[in-house]
Amino acid sequence: MANMRTAMDAAFWDLNISTPRVLDGTARSIPGEPIPLDGTKASRALRIQQLSLLGNGFPLGIIPSFSPTNKELGSFALQSLLFKTATSNWWLAFTGQFRPKKLISDIKTDLSNVDEWELPVLKDIGKHFLEKSLYALGLPDHDITLEAAWPELYIDHKGRYWEVPESISLDCSSLVSENGLRYRFGLHKSSGHPRAVDNITDEPPHSLMQGICGKAALSYEKSKDFWRIKEKKEDVIIETDKGRIYNPSYDIRLREPHAAVSGIIGGTVEAWLKNGSNSSSDSRHRSPFGVDLFGSLCYTFQHGKFRKSFGDLTRVDARLDVSSASTLAKQVSKVFREVSADDARDVLSSPRLSLILQQQVAGPIVFRVDSKFLLNSPSGRPGVQLEDFLCSLNYSLKLLQSGKVVAWYSPKRKEGMIELRLFEF
């Protein structure tokens, strides 16, 4: 089932999205924007933990990634775990990143200007290997309830990156209860003026402007099976002439064919204790208090038990998201009152339809496509527009029950990377 809890998590400042732009491997989703694609949500395992395990399956422990940067540095990068140490109570590690294009282009330039090979020439070429722009070091510091960053990287629904000079969040989230109720509350502080990482002339999103915000959310989640084929003992343990063979599913979350519908509905309330959006550099108004409703409805169909080597998994998830009931109601009222559409209409005024297709290729390898459609055109007229798209190859790790190695590419963001995803329950 598509992760319904992102409907609530997207309203806060700590929803991580996978990106190869930084060594930590994550950027934050911007609150007050449409719910991101399910496949873009970052792994719960830290990037350092991922590199520690992924390095065992790559030559020399080097993992490639791809992201658009300036032409001088190039888009291709190599990441590796340089050092780690741990005890029973703590652990410390360093990750490294290397961009080969700049090194190769600089050496090529020097060689083209060389008439004779002399010692000074070799020294000049050697200096290129010490160029600091080729390398980077990362040491993420995470806490369950408190997170702080100077600066913090955010990504909006258009795939554009914003850097906030200072971001501090204190958050409390309840565990998922059997009755489907869940709540979250917390404080967030942003300091400094957000800076566009890319060449963007638009103004920063409201929720990134400096200020202190208190936010709380409550949701109710429910799921209902139309039909489901439960896993049986004989499915897992096969009797043969040579004895019993243990044959579990490649992923325990994909072991039962079924058709089901699930939904989540909830509300948020927020108050800006210190509204920093009234400065002269930002002419827009941000309401000091807000209340809203959100909801999602998902239909899932799965064929196969993901146990055989071929043709044992086909799965489709269709999910309808309404991120803001208030903005949707305003847009509907304008249609009935025949009011002309506003060019600067709220990004949350239109519902989104997300489709997830998963198809087994061979054994534990699954091809997955995530797509998101805007159920309205930018002009306000009825229509369907593709808003985001992501494709990936997933290699399920049977020994971890539900772990997998994911190699994904986003045509919209022109980014791709390899991740280890765990604990996605």
Legend entry - Phe185, sole failed condition from (1) touching a Cys at 6+ places or on another chain (Cβ under 6 Å); (2) under 14 Å from Phe12 (Cα atoms); (3) touching a residue at least 60 places away in the same chain (Cβ under 8 Å): (3)
Legend entry - Unique residue being assigned to a loop (DSSP other than H, G, I, E, B), closer than 15 Å to Lys230 by Cα, modelled with pLDDT of 90 or more and in contact with a strand residue (DSSP E or B) (Cβ under 7 Å, 6 or more places away or on another chain) when the list is Phe301, Phe306: Phe306
Inset, instruction - Among the residues of region 333-361, count how many are farther than 24 Å from Lys158 by Cβ, outside any loop (DSSP other than H, G, I, E, B) and either at pLDDT below 75 or open to solvent by 60 Å² or more (accessible area, probe 1.4 Å) (or both). - result: 4
Legend entry - Which listed residue, of Ser67, Ser43, is in contact with a Lys or Arg (Cβ under 6 Å, 6 or more places away or on another chain), open to solvent by less than 10 Å² (accessible area, probe 1.4 Å) and not aromatic (Phe, Trp, Tyr): Ser67
Inset, instruction - Keeping to region 383-419, report how many residues are of a type in the set (A, V, I, L, M, F, W, C), open to solvent by 40 Å² or more (accessible area, probe 1.4 Å) and in contact with a strand residue (DSSP E or B) (Cβ under 7 Å, 6 or more places away or on another chain). - result: 6
Inset, instruction - Answer yes if at least one residue in region 38-58 is in a loop (DSSP other than H, G, I, E, B), hydroxyl-bearing (Ser, Thr, Tyr) and under 18 Å from the mean Cα position of the chain (by Cα), and no otherwise. - result: yes
Legend entry - Residues of region 49-64 satisfying the condition of being hydrophobic (A, V, I, L, M, F, W, C), closer than 13 Å to Lys84 by Cα and open to solvent by less than 10 Å² (accessible area, probe 1.4 Å): Leu51
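The values are calculated or read from the model by the stated rules, or taken from the named source; none is laboratory data. Bear in mind that the values here come from a model prediction, so they are computed numbers and not experimental data. Backbone-built Cβ (ideal geometry, glycine too); neighbour counts: all protein chains shown. The accessibility values were calculated without ligands, DNA or RNA, using every heavy atom of the protein model including side chains. Shrake-Rupley method; radii C 1.70, N 1.55, O 1.52, S 1.80 Å.
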